[in-house]
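Trainee: Sharing a structure, written as structure tokens. Questions coming.
Read-outs: derived from the displayed coordinates by stated rules, not from any lab. As the structure is a computational prediction, the values presented were derived from the model and not from experiment. Note that each Cβ is placed from the backbone with ideal geometry, even for glycine, and that neighbours are counted across all protein chains shown.
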Amino acid sequence: QWRGALHLLAEAWLHGPRPDATTFNAAISACDKGSQWQRTLQMLAEMPFRYVQPDVVTYNSTIAACGKGSCWTGAISLMMRMRESALQLGVTTYNAIASACEKGHQWAQALKAVSDMWQEGVAPNVVTRNAAISACEKGHAWEQALFLLASMRSVGLQPDIITYNATISACEKVGHWSAALHLLSCARRARLRTDAITSNAAISACEKGHEW
């Protein structure tokens, strides 16, 4: 109910109590859930003029909203502002960045986010990897997708069916049928419940590779 949240925020300025970061965060979160990413940016820009300091939650919600709106450049810009403000970027921030890059078909930026995490001592989780692999799939970067999957267990992460589906789809897009079938076999050996996405991607890879 983002309209209601904005109305309550306006009422608070008129009648009190004076809104603080928590109040803004609630309104921004409501706009994020309502796919109103431009309004989240407007509220973030308004906060300093209202003498309210944005915090990590503010930025995370706004970055997530930008991602849903396929505004990956806005998400990256907000991440840079967080660093300039000496705010701690955690796994939630980076997951939102990776997701924004995935939706914007920016696989190189998604991989950079994963690399930045390691450099800053933040361990990527399965959600991070899945977003980066999906970005590689959309960008036809199948080799990078395979590397991300292959390196997951070495850092203590267990690939899930989303991981396999995105990687199989990456192989399917370039007709790499042998890798797609191998991944399908790996998913089954891992006792993951394959679905129509898994099967369709593997079948399509065989079709593109003329392996009927």
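Trainee: Do any cysteines in the chain lack another Cys Cβ under 4.7 Å, and if so which?
Mentor: Taking the Cβ cut-off of 4.7 Å, the unpaired cysteines of the chain are Cys31, Cys101, Cys136, Cys171, Cys186, Cys206.
Trainee: Can you give me the Cα centroid spacing of the stretch 182-205 and the stretch 72-128 in angstrom?
Mentor: Here the two parts' Cα centres lie 29 Å apart.
Trainee: Let me ask you something else. With labels modelled as points extended 7 Å from the Cα through the Cβ direction, what inter-label distance (nm, one decimal) is found for Asp195 paired with Ile161?
Mentor: For Asp195 paired with Ile161, the spin-label model returns 0.6 nm.
Trainee: Taking the Cα centre of the chain as origin, work out the dipole magnitude from +1 charges on Lys and Arg Cβ and -1 charges on Asp and Glu Cβ, in debye rounded to 20.
Mentor: Details: 19 positive and 16 negative charges, 45 e Å.
That gives a dipole near 220 debye.
Trainee: Additional query: Calculate the FRET efficiency for Glu46 and His105 from the Cβ-Cβ distance with a Förster distance of 30 Å, rounded to the nearest 0.05.
Mentor: It comes to 0.45.
Trainee: From the P(r) of the stretch 111-160, can you give the percent of Cα pairs sitting at distances over 18 Å? Write down the numbers at each step before the final one.
Mentor: Working: 279 of 1225 pairs.
Pairs farther apart than 18 Å: 23 percent.
Trainee: List the lysines whose Cα sits under 24 Å from the Cα of Lys138, skipping any in the same chain fewer than 8 residues away.
Mentor: Lys68, Lys103, Lys112, Lys173, Lys208
Trainee: Under a 10 Å cutoff between Cα atoms, tell me which one of Thr92, Thr22, Thr167 has the largest fluctuation in the Gaussian network model of the chain.
Mentor: It is Thr22.
Trainee: Follow-up. Cα centroids of the stretch 1-19 and the stretch 133-167: how far apart, whole angstrom?
Mentor: 43 Å
Trainee: Let me ask something else. In Å, what is the Rg of the alpha-carbon atoms in the chain, and how long is Dmax?
Mentor: 20.2, 70
Trainee: How about the stretch 114-188: which GluC sites (Glu not before Pro) there lie in a loop by DSSP and see at most 12 other Cβ atoms within 10 Å?
Mentor: On the way: sites: Glu120, Glu137, Glu143, Glu172; in loops: Glu120.
For GluC sites (Glu not before Pro) across the stretch 114-188 that sit outside H, G, I, E and B with at most 12 neighbouring Cβ atoms in 10 Å, the list reads Glu120.
Trainee: Comparing Ser99, Ser199, Ser29, which has the greatest mean-square fluctuation in the GNM of the chain with Cα pairs linked when under 10 Å apart?
Mentor: The residue that fluctuates most here is Ser199.
Trainee: I've got another one for you. Eigenvalues of the Cα gyration tensor times 5, then square-rooted: what semi-axes does that give for the stretch 75-140, in whole angstrom, largest first?
Mentor: 19, 13, 9
Trainee: While we're on this one: Label-point separation (nm) for Gln1 and Ala150, each offset 7 Å from Cα along Cα-to-Cβ?
Mentor: 5.3 nm
Trainee: Per-residue HN-Hα couplings for the stretch 37-53, Karplus 6.51 cos²θ - 1.76 cosθ + 1.60 at θ = phi - 60°, whole Hz, x for Gly and Pro?
Mentor: 5, 5, 5, 5, 5, 4, 5, 4, 5, 6, 4, x, 5, 9, 6, 10, 8
Trainee: Please report the net charge: other residues with Cβ closer than 13 Å to the Cβ of Gln109, K and R +1, D and E -1.
Mentor: Around Gln109, the surrounding residues sum to +1.
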